[in-house]
Amino acid sequence: MPTFDVVSQVDLQEVENAVNQTRKEVTQRYDFKGSDTEIVREEAEIRIVSSDNFRVKAVAEVLQGKAAKRQIPLKAFVYSAIESAAGGRAKQTVTVQQGVATEKARDIVKRLKDAKLKVQAQIQGEQVRVTGKQRDDLQRAMQFLREQDFDLPLQFVNFRD
């Protein structure tokens, strides 16, 4: 039986490259002179610290631009609220989503069932396996999932006949 997996993966090396490019641009821009802005990536989190809210937002915009140029889906970034930090500074944490969360996986399975497509879907860890009798059914399911908005980037891998 033909199958494929629905996953949500981001290349963390590309994220690291985007962070490095953002850091380089921020150090060179005139409007950030003397702001002591920091951009630190730790695993799947990016921490932005600057002198005020405006600069934190500006750094986040630069990061989005660099990520878009590197084909990192912007839906992969989850932004926390801007908080006050020590010394009158502002900080924000950006989380990079990896994997399909259980509630999102349930939503994917439910929508596939509600669409009355001739496929079965089951949750396997941080991915969803979709099985069908024909390749055309799976391709319809992929097209259906592309049209839906799940607030996370979806990729289709392990397509097998």
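Some observations on this one:
- Spatial separation of Cα centroids for region 126-157 and region 18-48, in angstrom: 36 Å
- Links that overshoot a 28 Å alpha carbon limit, given the list Lys66/Lys110; Lys33/Lys75; Lys66/Lys113; Lys33/Lys66: Lys66/Lys110; Lys33/Lys75; Lys66/Lys113
- Sequence-separation-based contact order of region 91-161, relative, with Cα cut under 8 Å and 6+ spacing, percent: 24 percent
- Accessible surface of Lys57 - all protein chains present, 1.4 Å probe, nearest 10 Å²: 120 Å²
- When each of the peptides 108-120, 4-16 is scored by how many other beta carbons lie within 10 Å of its residues on average, the order from highest to lowest is 4-16, 108-120.
- Surface per residue (accessible, 1.4 Å probe) for the chain, Å²: 58 Å²
- Accessible surface of region 69-153, 1.4 Å probe, proportion on carbon and sulfur as whole %: 45 percent
- Mean separation of Cα contacts under 8 Å, 6 or more apart, over the residue count of the chain: relative contact order %: 34 percent
The values are calculated or read from the model by the stated rules, or taken from the named source; none is laboratory data. Since this is a predicted model, take the numbers as computed values, not measurements. Using ideal geometry, Cβ is built from the backbone for each residue, glycine included, and neighbour counts are taken over all protein chains shown. Note: accessible area is taken over every heavy atom of the protein model, side chains too, but ligands, DNA and RNA are not part of it. Shrake-Rupley method; radii C 1.70, N 1.55, O 1.52, S 1.80 Å.
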